1. Kirkwood Rh over Cα pairs of region 27-142 into Stokes-Einstein at 20 °C, 1.002 mPa s: D in µm²/s?
2. Using helices alone, what [θ] at 222 nm do you get for the chain, with -39,500 (n - 2.57) per DSSP H run of 4 or more residues, divided over all residues and rounded to the nearest 500?
3. Kindly sort GLU147, GLU141, GLU184 by accessible area of their heavy atoms, largest first, with the probe set to 1.4 Å.
4. I need to check one value: relative contact order of region 1-147, counting alpha carbon pairs closer than 8 Å and at least 6 residues apart, in percent.
5. Step through the table entries LYS126/LYS188; LYS49/LYS102; LYS37/LYS136; LYS51/LYS220, compare each Cα-Cα distance with 29 Å, and write down the pairs that go over it.
6. Residues of region 206-229 with the amide nitrogen closer than 14 Å to a label point 7 Å from the Cα of GLU128, along Cα-to-Cβ, please.
7. Under a no-solvent Debye model with one identical scatterer per Cα of region 126-235, what's log10 I(q)/I(0) at q = 0.15, 0.20 Å⁻¹?
8. Quick check on packing: order 164-175, 67-78 by the mean number of other C-beta atoms within 10 Å, highest mean leading.
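The values are calculated or read from the model by the stated rules, or taken from the named source; none is laboratory data. Because the structure is predicted, anything quoted here is derived from the model rather than measured. Counting neighbours? That spans all protein chains shown, and the Cβs are built from the backbone with ideal geometry, glycine included. These area figures cover heavy atoms from the full protein model, side chains too; ligands, DNA and RNA do not enter into them. Shrake-Rupley method; radii C 1.70, N 1.55, O 1.52, S 1.80 Å.
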Amino acid sequence: MESGSAAPGPVPEGVIRLYSMRFCPFAQRARLVLAAKGIEHEIININLKNKPDWFFEKSPLGLVPVIETSDGKIVYESPIVCDYLDDVFPENKLTPADPYEKAQQKMLLEQFSVVSNALYKVMFAKKEKQDATELKTKFFEKYQKLEEVLAKRNSPYFGGESVSMIDYMIWPWFERFIIFDVLEFLEKTPLINAWFELMLQDPAVKETFTEPDVHVTIVKLYGQDVSDACDYGLD
């Protein structure tokens, strides 16, 4: 939906409505959790370059993801959305029950935010046709600490022996390594690479996955300031 679109009607009973954007990594976090937990939901995609006025009533910052319930509850910001879904729908719990393990995942998410920030610096430098060599080196210094986390935990996933919330929270950026031009670093971190291959087989990842060539095209369209880039691939 874009500027001028009419606001959607009430959320159907027993359904979660997700306001999303098809190619947004933050929104993909919510889609991964919805898929992993088998939560009945509907998706309304927002054109983030041309947002409808009514969307700011759902999201004061105009960002996705946002979820809305049939009784009018609204939750936004991706970590908060995902935690809310995991609490309200306790089946197939993704967050550890142990408080310390839960805290560890929260701390790792904070650590990952440093990695993702470094990724965007690389991408923006390349967009401006600047030499990104030093920025990629700085990225790798931060990124390889995640390899150390897996080595210390001695587990296939960042949360342990099975996929959990932290894996879904960081996956969207790995799926987009190709657009950040850092895909070669996977080969330099064998434990992360093994995790990456496992995640590709995860049902929720498969359901929300976007092919690399589509990610590349979307970045090009956004770079050209195409207003309806978010609709790429739709008939």
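1. Rounded, D is 128 µm²/s.
2. It comes out at -16000 deg cm²/dmol, rounded to the nearest 500.
3. Sorted descending by solvent-accessible area, the residues read GLU141, GLU184, GLU147.
4. 21
5. Working: LYS126/LYS188 22 Å; LYS49/LYS102 36 Å; LYS37/LYS136 36 Å; LYS51/LYS220 20 Å.
Pairs exceeding 29 Å: LYS49/LYS102; LYS37/LYS136.
6. What the label zone holds, given the 14 Å backbone N cut-off, is no residue at all.
7. Those come out to -0.76, -1.14, one per q.
8. 164-175, 67-78
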